[in-house]
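Any read-out appearing in this document is the output of simple, stated calculations on the displayed coordinates, not a laboratory observation. All values derive from a computational prediction rather than experimental measurement. Here Cβ is always computed from backbone atoms with ideal geometry, including for glycine, and neighbour counts include all displayed protein chains.
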């Protein structure tokens, strides 16, 4: 798993609840790789909840709230896999692989699922593609410079915070006879913001390779 400069800087790692949960999971015997895999399960369930709500297969409000909760479950898995591996001393030879690949699946699932649910499938897919590309550029940067660049403005935490907020607001659409307009706007914002993040990381990497200050 990621550590030192290659680890995403998160203040939440130092909170009591995160440490307590990581300790509990470490003692349970569950592997960090399994926790990483569960993040994809959470994302798939979230995407399914969004789509089911948008299609009218389940209650609109309940579906969007469930999707928002799944986003947070995915993020908790992302947090816990690293903490169990690093702080819990449970790192494995394939840890780096499991740390990265599930995220590249989870982001497009949630974003494309939300887009499909509100009639903007291509916007959701574009946001998902941009999310994967930002991580790709980060990984290239790490290979070339030894340092990973987690700059925003729409890194994973910001994307998922925006998506969660939009899902919760969308859940309340029946109060004003809305039908996904807030989520549509949020997906456009995420796609644009992630595109800016991708460009910014590329420019910062190029500057660093040329010996310039990014």
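Just a few scattered comments:
- For segment 1-114, averaging the sequence separation of C-alpha pairs within contact (under 8 Å, six or more residues apart) and dividing by the residue count gives a relative contact order of 41 percent.
- Contact order relative to length of the chain, as percent, for alpha carbon pairs under 8 angstrom and 6 or more apart: 23 percent
- Whether segment 92-165 is rounded, prolate or oblate, judged on the alpha carbon gyration tensor where a/c under 1.5 counts as rounded: prolate
- Degrees, to the nearest 10: 32-55 long Cα axis against longest axis of the chain: 20 degrees
- Reducing segment 117-176 and segment 39-66 to their Cα centroids gives an inter-centroid distance of 18 Å.
- For segment 176-213, backbone nitrogen atoms closer than 19 Å to the point 7 Å from residue 144 Cα along Cα-to-C-beta are found at 195-213.
- As a calculated quantity, the FRET efficiency between residue 177 and residue 203 at R0 = 41 Å, using C-beta atoms, amounts to about 0.40.
- Helical mean residue ellipticity (222 nm; -39500 (n - 2.57) per DSSP H run of 4+; nearest 500) of the chain: -25500 deg cm²/dmol
- Angle in degrees between helix 156-171 and the longest Cα principal axis of the chain, rounded to the nearest 10: 20 degrees
- At 1.567 mPa s and 4 °C, Stokes diffusion of the chain via Kirkwood alpha-carbon radius, µm² per second: 73 µm²/s
- Crossing angle, helix 121-145 versus the chain [Cα axis fit, 0-90 degrees, rounded to tens]: 10 degrees
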